[in-house]
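Scroll down for the structure; my scribbles are underneath it.
Just so you know, all these numbers are worked out from the coordinates, no wet-lab data involved. Since the model is a prediction, treat every value here as computed from it, not as a measurement. No Cβ is skipped: glycine too gets one built from the backbone with ideal geometry, and neighbour counts run over all protein chains shown.
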Amino acid sequence: MTEVHAWWGRVFAQGSPGGNHTVIVLPGVQVVDRAAVAARFAVPDTGFVTGVHGNEITLRTFSPVEELAQCLQTSLAALTALGVPEGERRLVRHERGEQLELYREGAVTWARETAPGSLALEHTDWPNFVMAEPAPGSGPVILRQARSRVHLRCADAKQLDGLDIRAADVLELCARTGTNGLVLSAPADDGLRVRVFTTSLSGREDSATGGAVLGVGRLTALDGVRGDLAVVQGPAREEQQGRLHLRLTGRGEVLLGGTVESLMTGRTAFA
């Protein structure tokens, strides 16, 4: 019998629909098989707090099918789960990921990489199963990071909405390119429209993927764009979408923000 003390909430939601259910397993109990616990919770991402030292928090995150080297969703949720007051900054990192600085600002929690460095970009081929027109002047690239992804910048958000992407095609692409997901983005009236397909969900579409959208923000910043951008991610149905925020500063920094809503905290036991 494994008993855990856990926080359960929603990240990247706006009002009642959308966002991603997220679990943070709080420190205090040694969990032997984290992958099995995450599979039982069966939410997109389950984060385990493995250390809290001063203003530093260390995490490991699992989807129902794999461990994630980096996860912004659980990183944002950890501040609320651990009761960090608004405005106080914390350094959060995964054991195999990049370090982030996070803070809460009203309803939104913001994250930025503490040492982003230059973008590690590789040019690649446009997948033939993505029947969309590329954005002018852009080509398909792989952004190499803790969780590398193929990024396709598309010309038309409505065309992007109409795409039917098979999970099997995504998994084949990721295996061939050594990546963890496929990211499609297009300009929208008030920001950006994004769709993400990920190995953490066996090639299926994710409603909200902080690391992928942060990557979109870094590519957008290369074009000289600055300011706050609203991002809508997920399928065409609003109740399946996530709402994320990008802040592209005058200094070239890229911040990723999202709402974090607490639903419950308590103890549960698994046989």
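Once the cut-off is 26 Å, how many percent of the Cα-Cα pairs in segment 10-139 end up in the long-distance tail? Show your work: numbers first, answer last.
On the way: 2905 of 8385 pairs.
That tail contains 35 percent of the Cα-Cα pairs.
In the chain, how does Rg compare with the Kirkwood Rh, expressed as the Rg/Rh ratio over alpha carbon atoms? If you can, show how the numbers build up before the last one.
Values: Rg = 17.7 Å, Rh = 18.6 Å.
The Rg/Rh ratio comes out at 0.95.
Can you give the local net charge around Glu67? Use residues other than it whose beta-carbon is closer than 10 angstrom to its beta-carbon, Lys and Arg +1, Asp and Glu -1. Spell out each step's value before the answer.
Working: positive: Arg34, Arg60, Arg96; negative: Glu66, Glu95.
Spelling it out: positives minus negatives among the neighbours equals +1.
For segment 121-253, what's the relative contact order in percent, using C-alpha pairs closer than 8 Å and at least 6 residues apart? Please report the intermediate quantities before stating the final value.
Working: 263 pairs, mean separation 24.0, N = 133.
Worked out over segment 121-253, it gives 18 percent.
Between beta-carbons, use under 14 Å as the cut-off and find the net charge around Ala120, counting Lys and Arg +1, Asp and Glu -1.
Values: positive: Arg144, Arg147, Arg149, Arg218; negative: Glu98, Glu113, Glu122.
With Lys, Arg at +1 and Asp, Glu at -1, the neighbours total +1.
Roughly how big is segment 150-271's charge dipole about its Cα centre, with Cβ charges of +1 (Lys, Arg) and -1 (Asp, Glu), in debye to the nearest 20? If you can, show how the numbers build up before the last one.
Values: 14 positive and 15 negative charges, 68 e Å.
Charge dipole of segment 150-271: 320 debye, to the nearest 20.
From Cα pairs below 8 angstrom and at least 6 apart in sequence, can you work out the relative contact order of the chain, rounded to a whole percent?
Reported relative contact order: 22 percent.
Work out, step by step, the length gained on full extension between Met131 and Val29: first 0.36 nm times the residue separation, then minus their alpha carbon distance; give nm to one decimal.
Numbers: separation 102, 0.36 × 102 = 36.72 nm, distance 4.83 nm.
The Met131-Val29 span can extend by a further 31.9 nm.
Cut-off is 10 Å between beta-carbons; in what order do Met264, Met131 appear when sorted fewest neighbours first?
On the way: Met264 8, Met131 11.
Fewest-to-most Cβ neighbours within 10 Å comes out as Met264, Met131.
Quantify how much of the Cα-Cα distance distribution of segment 121-253 extends past 19 Å, in percent. Display every interim value, and only then the final one.
Working: 3904 of 8778 pairs.
Percent of Cα pairs beyond 19 Å in segment 121-253: 44.
I need Asp206, Asp190 ordered by Cβ neighbour count within 10 Å, fewest first. Intermediate results must be reported in sequence, preceding the final value.
On the way: Asp206 25, Asp190 10.
Taking fewest neighbouring Cβ atoms as first place, the list is Asp190, Asp206.
Could you pull out which residues in segment 13-49 have an amide N less than 17 Å from a spot 7 Å beyond the Cα of Arg237, following the Cα-Cβ vector?
Flagged as within label range: 14, 16-21, 44.
Hey, what number do you get for the chain at 222 nm if only DSSP H runs of n ≥ 4 count, each worth -39500 (n - 2.57), divided across all residues, to the nearest 500? Kindly include the intermediate steps, with their values, before the conclusion.
Numbers: 5 runs with 47 residues, N = 271.
Mean residue ellipticity at 222 nm (helix-derived): -5000 deg cm²/dmol.
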